[in-house]
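Below is one structure, written out as structure tokens; comments come after it.
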Amino acid sequence: MADPESVQRISSAFNPSSRFHFQLGIFQQAERRALTSVVRNGYDVVEATIHDPPFLTFPYFQFSSDFLTRLSRGFDWYLSSFGLQRRMLERLSRIFVLSDEGRRAVLRMAPSANVIAIPHIVRKDSIWPPKSPLGKNLLYFGFIGRGKGLDYVLALHRELLKIRPGTHLHIVGQPATSRDQRYVERLAAEYRDDLTFHGFVPEDKLDGLFEGAAHVILPYRQYKYVFPASGSAIHAIRRARIVWTCPVNAMTEVIRDGENGFMLTMEVERDARRLASVLEDEGLTRRISDGARESAIGMSQYPYHVHFAGDGTSPSNDSSHCRVSVA
């Protein structure tokens, strides 16, 4: 992977036949600036994978002030950055997104863009084996923000404790902004029983937490601006964990209620009763876990090569061609 600041600095010096692929998401300003510089230098093949469609990055302009950054988001959403995002999207050779909902969102903003929906990459060797441990704990996993529903996770856990005392909740992740940090601090002061706020947990420590928690609670709310695929849900199902979530954003493309996970009603007492019932039913728990694992296997078998074979953009043995990946 190339450093985006280096790519921007020498963007005019690459071989004219160079091919570029950018990984872009929220707050990735350095990558967006490098992309802009490469496109302006007229290279023929410039592609991107967009993780938070329809935007290349969101907001397009970022400031040190949270208030100004929020204004910039409104500038993007209501004024479409005066067409900056649309024009750049439509100049790219191809855009890859990780859900059909994301593809539709990009095309609403940039109707002439060349957009391809592909599933989140899952390596076959990363999928947990059959009969992996299914612990009785609960887990919340991922970046923490108001749209991620941590407040509902905690309310649901509190209600569940009335039915199943001693069920422990592990919360893994960091707040994305200072505003989110205050949100976490407020929740940590309000909820204390049978839970642990871990903050950031390195990858080599995560598996132990997942082994102890068959159920991953991700009650996302409908995002106002972006339509991402949930990386947290993908990391859960490749470990054969049972995801409890909501039918918003692109989640219905990943989780099917009663097959490889469950959909929450966002009625805390009702959801707590259903969660308690599943926790008691080891056969059902194993069946849904197996369904999650099968979903991950299906994703791992996606033929990504069809997008690069025979169209002139596959990696070449010709040393005069250079392929640059930027993330």
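The values are calculated or read from the model by the stated rules, or taken from the named source; none is laboratory data. Since this is a predicted model, take the numbers as computed values, not measurements. Positions of Cβ are generated from backbone atoms using ideal geometry, with glycine treated the same way; all protein chains shown enter the neighbour counts.
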Checklist entry - Counting only residues that are of a type in the set (S, T, N, Q) and either in contact with an Asp or Glu (Cβ under 6 Å, 6 or more places away or on another chain) or modelled with pLDDT of 90 or more (or both), which one in segment 208-248 is surrounded by the fewest Cβ atoms within 10 Å (Cβ to Cβ)? => result Ser232
Checklist entry - All but one of (1) closer than 19 Å to Leu134 by Cβ; (2) out of contact with any strand residue (DSSP E or B) (no Cβ under 6 Å at 6 or more places or on another chain) hold for Phe262; which doesn't? => result (2)
Next on the checklist: Is it the case, given these coordinates, that Glu31 is assigned to a helix (DSSP H, G or I), in contact with a strand residue (DSSP E or B) (Cβ under 6 Å, 6 or more places away or on another chain) and of a type in the set (Asp, Glu)?
Outcome noted: yes
Next on the checklist: Just to be sure I understand, how many residues within segment 209-246 are over 11 Å from Leu139 (Cβ atoms) and not in a loop (DSSP other than H, G, I, E, B)?
Outcome noted: 5
Checklist entry - Does segment 136-144 contain at least one residue that is assigned by TED's automatic domain parsing to the domain that holds Ala296, small (Gly, Ala, Ser) and under 18 Å from the mean Cα position of the chain (by Cα)? => result yes
Item to check | Count - residues of segment 161-185 that are in a helix (DSSP H, G or I) and more than 16 Å from Phe197 (Cα to Cα) | outcome: 5
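Condition check ((1) assigned to a loop (DSSP other than H, G, I, E, B); (2) out of contact with any strand residue (DSSP E or B) (no Cβ under 6 Å at 6 or more places or on another chain); (3) modelled with pLDDT of 90 or more) across all residues:
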| position | (1), (2), (3) |
| --- | --- |
| Phe58 | yes, yes, no |
| Leu68 | no, yes, no |
| Arg73 | no, yes, no |
| Ile95 | no, no, yes |
| Ala113 | yes, no, yes |
